[in-house]
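J.: Right, I'll just put the structure down here and ask away after.
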Amino acid sequence: MTQDGTQAIRRAAEMLRCIARASDAGASTLREISETVGLSRSTAHRILKCLTDEGLVAYDSATRRYEIGMLSYELGLAVTDRALGMVPLTAAADRIALRANVTTYLMRRSGIEAVCVHKAEGRALIRAIPVEVGQRRLLGVGAGATALLAAMGDEAVERVLSSVEPQLHRYNDLTTESIRTAVTQANLDGFAESHGRAYASVYGLGMAVRSGTDIPSFALSIAVHAPEATPERIADWKAIIAEEAATALRDR
């Protein structure tokens, strides 16, 4: 494959990630996508048309926005041993939601992003659901994504912050400095917290799931309405998450 061919594939992959972030303050119009990936509109349009023709992307002519296509969904249905290996972790998320009565997520690190691969809802009448399955967040945006970032080491953290900084203006109260502070606290405490940084009314708590010496690829996190996050409840949630993460690691 020529260098141009490889570059085109990388650009197409970045566009797919960009579109997948659309429902979490990302981009999905031609202008927004081209600006995010740093391409002219004509080049971005040409690649998007190819992705649309292949079914990897869909275009809504009424809103003039792009979304993930059905072929991308179909390809994601192919079950691999790696996907089956997540079962103990998804079960842990289910147990956390049941015990803590909160919305719980299993987040997986993917490049400079974290993707929600599983969601479990608690029984509360008012639920905080800032992320849906399949949505992507930049590392450092939200508790689970911050826990994953904190586990990567100082040099990797700085590289990620440099990459995500141009997109942080889309969020409530996020800067590279506030993320850096949250990362430092997460490494001290073992848990990442988000006090309304991504969404003003939401409190998030996340923990990277560590196994062996590898950099963690998964994090368990919860999201609740901020007024519910009292010190006593936070302590209880931390204990529950830690217990269920340990159980998941034994079951893997």
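The values are calculated or read from the model by the stated rules, or taken from the named source; none is laboratory data. Values in this document were obtained by computation on a predicted structure and should not be read as measured data. We place every Cβ from the backbone using ideal geometry, glycine too, and count neighbours over all the protein chains shown. Ligands, DNA and RNA are excluded from the accessible area calculation, which covers all protein heavy atoms including side chains. Shrake-Rupley method; radii C 1.70, N 1.55, O 1.52, S 1.80 Å.
J.: For n ≥ 4 DSSP H runs only, could you compute -39500 (n - 2.57) per run for the chain, divide by its residues and tell me the 222 nm figure to the nearest 500? Working shown, then result.
T.: Values: 10 runs with 119 residues, N = 252.
Using -39500 (n - 2.57) per qualifying helix, the result is -14500 deg cm²/dmol.
J.: With unit charges on the beta carbon (Lys/Arg positive, Asp/Glu negative), name the residue among Ala100, Ile215, Leu205 whose Cα is farthest towards the positive pole of the charge dipole of the range 94-252.
T.: Ala100
J.: Using a Gaussian network for the chain with springs between C-alpha atoms less than 10 Å apart, which of these wobbles most: Ile47, Ile179, Ile68?
T.: Residue with maximal mean-square fluctuation among Ile47, Ile179, Ile68: Ile47.
J.: Quick query: amide H of Leu138 versus all other amide H atoms, modeled in the peptide plane; which residues come in under 5 Å with a sequence gap of 5 or more or a different chain?
T.: The answer is Ala114.
J.: Work out, in µm²/s and without decimals, the Stokes-Einstein translational diffusion coefficient of the chain at 20 °C, 1.002 mPa s, Rh from Kirkwood over C-alpha pairs.
T.: Numbers: Rh = 18.9 Å.
It diffuses with D of about 113 µm²/s by this estimate.
J.: Carbon and sulfur: what percent of the chain's accessible surface (1.4 Å probe)? Display every interim value, and only then the final one.
T.: Working: 6780 of 12990 Å².
Exposed carbon and sulfur together represent 52 percent of the surface.
J.: Hey, can you grab everything whose amide H is under 5 Å from the amide H of Val202? Only 5+ residues off in sequence or another chain; H modelled, so Pro and N-termini drop out.
T.: Gly196, Ala226
J.: Further, regarding this structure: Of Ser72, Val164, Ala120, which is farthest along the charge dipole of the chain in the positive direction, counting Lys and Arg as +1 and Asp and Glu as -1 at C-beta?
T.: Ser72
J.: Compute the length gained on full extension between Asp236 and Ser61: take 0.36 nm times their separation in residues and subtract their Cα-Cα distance, giving the result in nm to one decimal. Each step should come with its number before you reach the end.
T.: Values: separation 175, 0.36 × 175 = 63.00 nm, distance 4.83 nm.
Length difference between fully extended and current span is 58.2 nm.
J.: Leaving out ligands and nucleic acids, and using a 1.4 Å probe, what accessible area per residue does the chain come to in Å²? List each step's numbers first, then the result.
T.: On the way: 12990 Å² over 252 residues.
About 52 Å² of surface per residue is accessible.
J.: Something else: Running a GNM on the chain with Cα contacts under 10 Å, which residue among Ser34, Ser42, Ser211 ends up with the highest mean-square fluctuation?
T.: Highest fluctuation among the options: Ser42.
J.: Round to the nearest 10 and give me the degree value, 0 to 90, for the angle of helix 87-100's Cα axis relative to the longest principal axis of the chain.
T.: 50 degrees
J.: With everything on Cα atoms, drop me the angle between helix 231-251 and the longest principal axis of the chain, reported from 0 to 90° to the nearest 10.
T.: Around 70 degrees separate the two axes.
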